[in-house]
Protein chains: 2
Amino acid sequence: MPALVECVPNISEGRRAEVISQVAAAIAAVPGVRLLDQTSDADHHRSVFTFAGDPEAVVSAAHALVDVSLREIDMRAHKGEHPRLGAVDVVPFVPISGISMEECVALAHRFGREVAQRHGVPVYFYANAALRPERMKLGDIRNKVQYEGLAEALATTHVPDAGPARFNERAGAIVVGARPFLIAFNIELDTTDLALAKRIAKEIRESSGGLPAIQALGFALKGPPRVQVSMNVLDYNKTSLATVWREVETRAAAAGVRVLRGELIGLIPLGAALQVTASALKLDGFDRARVIEARFLE
Amino acid sequence: MPALVECVPNISEGRRAEVISQVAAAIAAVPGVRLLDQTSDADHHRSVFTFAGDPEAVVSAAHALVDVSLREIDMRAHKGEHPRLGAVDVVPFVPISGISMEECVALAHRFGREVAQRHGVPVYFYANAALRPERMKLGDIRNKVQYEGLAEALATTHVPDAGPARFNERAGAIVVGARPFLIAFNIELDTTDLALAKRIAKEIRESSGGLPAIQALGFALKGPPRVQVSMNVLDYNKTSLATVWREVETRAAAAGVRVLRGELIGLIPLGAALQVTASALKLDGFDRARVIEARFLE
């Protein structure tokens, strides 16, 4: 099975269309890489690129993104509402199929060290690639200290994991990591009872003792007025979409409420979809090896 | 989306391993083709090859199979239990994704005419590629008349759709067609009540007014003793695996019986699996375009 890695870098440029296009073109020019999505936000002055491919191709594309971004973006001129440490702010590597988290961590470390050396920029490793417990969460690295406070923090809380501990005023710093694929999944209930959606969300989210790797909130929807349990599935190998659906449906049914529909945001890995197929048909050992098209992945 | 076609030729050779290997090698040697499965039966003296790829590659591989088979197999020496008309007995083309049935019919017609001309062999078109209503079913072409009766039938019931109407005693004749993908799917019930399995099978099969494109039978299983509804899903775009599952589960539940598990035989198209995902999560418009890996199919 060929290895497939996704990379979702965030850069501190959301306004100059020509720079954003140059970054996108540099990614798409790497053989074996597909640019799956890109979004820019002018208020946040920030863009997110989603691309995937075999591991080596993805590392090359991430380097290409850094090269263009550090050439074109000067953090001294950057203002935006979103927290950020640098011109290339965050670079997460995400295993999709045929590659382990450990291999993605190694990829992140290699990439981070190469970038640090090549561009003389401080690099921090986060999430599964974190080298220090206090750098597990992106927010713990980036939100209290931002670009403006970095010069001061470099010798104290923000000693880099790779690269020089001196302030790079043009580039800032880069946070590099590896993490599981995140699936944004919403379930709409046939009721306007917001308290029910909030209660179900609370019962199923990990933080209140619910399902592993599930974040959940209850929301009211307009037109038509209904409620939704809105979830992040942080690791579908810990809790599948099938389990999430069943747990929400059971709780709604107990309150006499029907589940109306599910909503997936963006793309999902094949493995996450096939887990649902296997669960719905109670199939033993059903996976991508049983899917004709999967034989044609290169 | 790249086009993917499957081809499942049956040849009248199930004993000589070196001939079977030569055929397999000839298929696998065609760039863009994957040989997905091969099975040989010595009693039937017959082998089935399953391969897939882009349409042009699949036609090339089918030609390669015919070339080797007609060179190595002499029907004058062939004895076997399975009905057959020729050394290459049946060549069905099956749309998997990114290609319509109409395009597969055109592919079958082109291939059949090329083979007829190149090898001087009578060709009949069946299933969706049939040119005559009495040739829709393979059995209507092949089972009453077999190789031994072909010389006589060529001028009457078996005037070829392509190729000469004279008997080719070495090669016999070839039946070429296009048909939807067939999924063999079984559902095991937590009971020994064979009458229930037979009743459910009867209720859901198309021939007795049930679900479109569904064939079904009830069987007893041994060790542990249980019953099974055994189905052929002849066209999952007419009746999905999700619908089959629901219809069997509802009927079993009405008799107080639990559905234990499903069983898929062999490989299935991605589209058939994703239909189940979409149904289980009540997703609108979920298809292969939402699956990351599908972007990497070439």
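Taken together, the values in this text are just the output of simple stated rules run on the coordinates, not laboratory data. These numbers come from a predicted model, not from an experiment. Positions of Cβ are generated from backbone atoms using ideal geometry, with glycine treated the same way; all protein chains shown enter the neighbour counts.
Among the residues of the stretch A:36-50, write down those that are small (Gly, Ala, Ser) and part of a strand (DSSP E or B). Walk me through it before giving the result.
Going residue by residue through the stretch A:36-50, those that are small (Gly, Ala, Ser) are A:40, A:42, A:47.
Result: A:SER40, A:SER47.
Before we move on, is A:THR192 more than 30 Å from A:LYS79 (Cβ to Cβ) and touching a strand residue (DSSP E or B) at 6+ places or on another chain (Cβ under 9 Å)? Before the answer, list the steps.
Working: more than 30 Å from A:LYS79 (Cβ to Cβ): yes; touching a strand residue (DSSP E or B) at 6+ places or on another chain (Cβ under 9 Å): yes.
So A:THR192 passes the test.
Taking the conditions exactly as written (under 24 Å from the mean Cα position of the chain (by Cα) and farther than 30 Å from A:PHE286 by Cα), does B:ALA171 satisfy them or not?
Details: under 24 Å from the mean Cα position of the chain (by Cα): yes; farther than 30 Å from A:PHE286 by Cα: yes.
It is true that B:ALA171 is under 24 Å from the mean Cα position of the chain (by Cα) and farther than 30 Å from A:PHE286 by Cα.
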Subset of the stretch B:27-55 (residues that are in contact with a Leu (Cβ under 9 Å, 6 or more places away or on another chain), more than 23 Å from B:GLU72 (Cα to Cα) and not hydrophobic (A, V, I, L, M, F, W, C)): B:GLY53, B:ASP54, B:PRO55
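State yes or no: is A:ALA62 on the phi < 0 side of the Ramachandran plot, buried (at least 20 other Cβ atoms within 10 Å of the Cβ) and touching a Ser or Thr at 6+ places or on another chain (Cβ under 8 Å)? Spell out the reasoning first.
Numbers: on the phi < 0 side of the Ramachandran plot: yes; buried (at least 20 other Cβ atoms within 10 Å of the Cβ): yes; touching a Ser or Thr at 6+ places or on another chain (Cβ under 8 Å): no.
The answer is no for A:ALA62.
Would you mind stating whether B:PRO180 is at the interface with chain A (Cβ under 9 Å from one of its Cβ atoms) and in contact (Cβ under 8 Å) with a residue 40 or more places away in the chain? Quick ask: steps written out before the conclusion?
On the way: at the interface with chain A (Cβ under 9 Å from one of its Cβ atoms): no; in contact (Cβ under 8 Å) with a residue 40 or more places away in the chain: yes.
Spelling it out, it is not the case that B:PRO180 is at the interface with chain A (Cβ under 9 Å from one of its Cβ atoms) and in contact (Cβ under 8 Å) with a residue 40 or more places away in the chain.
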Residue list for the stretch B:230-246, restricted to those being within 13 Å of chain A (Cβ to nearest Cβ) and more than 14 Å from B:VAL276 (Cβ to Cβ): B:MET231
Some residue of the stretch B:260-277 being more than 7 Å from chain A (Cβ to nearest Cβ) and hydroxyl-bearing (Ser, Thr, Tyr): no
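In the stretch B:142-166, which residues are within 14 Å of B:ALA116 (Cβ to Cβ), among the hydrophobic types (A, V, I, L, M, F, W, C) and surrounded by fewer than 18 Cβ atoms within 10 Å (Cβ to Cβ)? Talk me through it step by step, then tell me what you get.
Of all residues in the stretch B:142-166, those within 14 Å of B:ALA116 (Cβ to Cβ) come to B:154, B:158-166.
Now restrict to residues that are among the hydrophobic types (A, V, I, L, M, F, W, C): B:154, B:159, B:162, B:165.
Matches in the stretch B:142-166: B:VAL159, B:ALA165.
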Tally, over the stretch A:201-217, of residues that are in a loop (DSSP other than H, G, I, E, B) and among the basic types (Lys, Arg): 1
Flag if A:PRO225 is surrounded by fewer than 21 Cβ atoms within 10 Å (Cβ to Cβ), away from every other protein chain (no Cβ under 13 Å), over 24 Å from the mean Cα position of the chain (by Cα) and in contact (Cβ under 8 Å) with a residue 24 or more places away in the chain: yes
Single match in A:ALA253, A:ALA289, A:ALA220 (criterion: over 24 Å from the mean Cα position of the chain (by Cα), loosely packed, with under 15 Cβ neighbours inside 10 Å, facing chain B (nearest Cβ under 9 Å) and not in a loop (DSSP other than H, G, I, E, B)): A:ALA289
